[in-house]
1. Would you calculate the separation in nanometres between label points at residue 107 and residue 46, each defined as 7 Å from the Cα along the Cα-to-beta-carbon direction?
2. Sticking with the crude label model, points 7 Å out along Cα→Cβ, report the distance from residue 25 to residue 72 in nm, one decimal please.
3. Which FRET efficiency value, to the nearest 0.05, is calculated for residue 122 and residue 82 with the Förster distance at 35 angstrom and r the Cβ-Cβ distance?
């Protein structure tokens, strides 16, 4: 369906070529505007990434008053108001059984030599506690 301005242009006596040119001009302007908008967004992202790259390549750290550093150390980033969250393992339970057979097979120098067959079955389990901040 043609836009209303196309019908109005024909009603005002415009030729088909003139209407086509106006329509193509409108599409070209719209495409140029979209291109410029996309280019500006890309340029902003590129500039931000270039700034981070420059910082990573040339930043040599700073000194800190609240932490002891060796002569060759520097602070690159300080994080505040955070906590270490780690999974803690609670009390465990160990259960095992052992069974076996000892068979005398002879005597050497007055001592009995035995052949032993042994089996062990072990089960263990731990209670996992919920995650919570670790205290320093």
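1. So the label points at residue 107 and residue 46 sit 9.7 nm apart.
2. Here the modelled spin labels are 7.1 nm apart.
3. 0.30
Throughout, read-outs are computed from the coordinates displayed, never taken from laboratory work. Keep in mind that what you see is a predicted model, and the values were worked out from it rather than measured. Note that each Cβ is placed from the backbone with ideal geometry, even for glycine, and that neighbours are counted across all protein chains shown.
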